[in-house]
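The values are calculated or read from the model by the stated rules, or taken from the named source; none is laboratory data. Note that this is a predicted model, so its numbers are computed, not measured. Calculation scope for accessible area: heavy atoms of the full protein, side chains included, ligands and nucleic acids excluded. Shrake-Rupley method; radii C 1.70, N 1.55, O 1.52, S 1.80 Å.
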Amino acid sequence: MSDVKLLSTPVPPGGTIGILGGGQLGRMLAMAAARLGLKVHIYSDVADAPAFQVCDIHTVAPYEDDAALKKFTATCDAVTYEFENVPSKAASVLATIKPTNPNAKALAVAQDRFDEKSFVTSLGLKTAPFVAVNSPEDAVAAFAKIGGPAVLKTRRLGYDGKGQAKVKSADECKAAFASFKSVPSILEGFVAFGFEASIVAVRGADGQFAAYDPAENIHENHILARSIVPARLTAKQVDDTKTIAKKIAGALDYVGVLGVELFVQKDGTLLVNEIAPRVHNSGHWTIEACIVSQFENHIRAIAGWPLGSTERHSDAMMENLIGEQAADFKALAAKGGGLHLYGKSEIRAGRKMGHITYLKPRSN
Ligand code: AMP
């Protein structure tokens, strides 16, 4: 870790932020950086990445191409990512050349569900019960331990419900493990939660911490459909969500924005489901409803600037536009919300094409 480059002075306006990944998160990060007078260089492995449309420089190359990564990094003053499955080798190449955040530990913890849940419980925070599953015998033993129903998940590379199966017996658990081609997995107890929530927070290079108000999240087909703020949480629960994020960020020596997905049990208990070491879909409403958005705060943090206010001036509802829901742009534009279309080259089923945020005067 000694060869990691640390930020000694803030990146001034006119400096260049490098972003690995060119999807909608990279696009909105680039737009926020532009607002601060910073330039952006996007690196993506796809030729028509949506973020290319709004940045100063772009590179198309595989994430395994060390020479391209080095060339990219040489043009940047600070580097960040917009997705968590950055190959760890790529991350270490970047971090030895320029200040790169979130750091390698945060990426490693978030990339592996077993390490992530073990880390979270080591902080005294609650998760669903979980056990590692590395063999068909483990699958049977894990089901005996956790009980049913339960959810088998691959340890790595799962998102939006991919690499997950709900199981109701030891046999089903074994079959699901085989269907995942026996890759290392975990079995989790199925949580009959009241609803899902998330907390989006930011930690600066100097350890300064700030959090947005938690959102209540509604998923459809395992994809986030809507985020609503304020969530149906008591003032104590709202404080608790912020404390959870602060503990996680502090323990990771984290710099940047992170999202923590939570299950709110019917008795009010908060369970941590997942840590996202990046800006988060459930924080898109902050663009319209807060003084400084999650995107700008991420850029501020990784550039070594003071953080901006996370204060919420309005109630908000953010709706994702998935697949064909984004097709009729005129109807969407007439709806009265803040419309964001991501500039993706084609509509595909299940693809996040845009989002729309509606505001109301703040109720609490
Ligand atoms: P994840 O990929 O872990 O974020 O899971 C995607 C979605 O599956 C979550 O947002 C939940 O709706 C559901 N889910 C995941 N794990 C569990 C669990 N242990 N109990 C109940 N629902 C779950």
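For the set Val54, Val60, the ranking by accessible area, highest first and with no ligand, DNA or RNA atoms included, is Val60, Val54 under a 1.4 Å probe. Of Lys98, Lys181, Lys168, the residue with the greatest mean-square motion in the GNM of the chain, using alpha carbon springs below 10 Å, is Lys181. Considering helices alone, the calculated mean residue ellipticity of the chain at 222 nm is -8000 deg cm²/dmol, with DSSP H runs of length four and up weighted by -39500 (n - 2.57) and normalised per residue. Counting heavy atoms of the protein chains alone, Cys55 has an accessible area of about 30 Å² for a 1.4 Å probe. Under the classification rounded if a/c is under 1.5, otherwise prolate if a/b is larger than b/c and oblate if not, where does segment 262-364 fall, given a ≥ b ≥ c as square roots of the Cα gyration tensor eigenvalues? Rounded is the answer for segment 262-364, as its axis ratio a/c remains below 1.5. Each residue of segment 306-317 was assigned a 3J(HN,Hα) from its phi angle through the Karplus curve 6.51 cos²θ - 1.76 cosθ + 1.60 (θ = phi - 60°); the sequence is x, 6, x, 5, 9, 4, 9, 9, 9, 7, 9, 10 Hz, with glycine and proline shown as x.
If you find the alpha carbon centre of segment 168-214 and of segment 91-108, how far apart are they in angstrom? First find each Cα centre; the distance between them is then 23 Å. Just the protein heavy atoms count here, and of the accessible area of the chain at 1.4 Å, carbon and sulfur take up 55 percent. For the set His41, His219, solvent exposure ranked by accessible area (probe 1.4 Å, protein chains only) runs largest to smallest as His219, His41. Beta bridges from DSSP with both residues in the chain: antiparallel share about 80 percent, rounded to the nearest 5.
Measuring between alpha carbons in the structure, the pairs from Lys39/Lys105; Lys145/Lys168; Lys117/Lys145; Lys5/Lys162 lying more than 23 angstrom apart are Lys39/Lys105; Lys5/Lys162. Please state, rounded to one decimal and in Å, the Kirkwood hydrodynamic radius that segment 129-189 gives when every pair of distinct Cα atoms enters the mean of 1/r. Value: 10.7 Å, from the Cα pair sum. On a per residue basis, the chain carries 42 Å² of accessible surface, using protein heavy atoms and a 1.4 Å probe.
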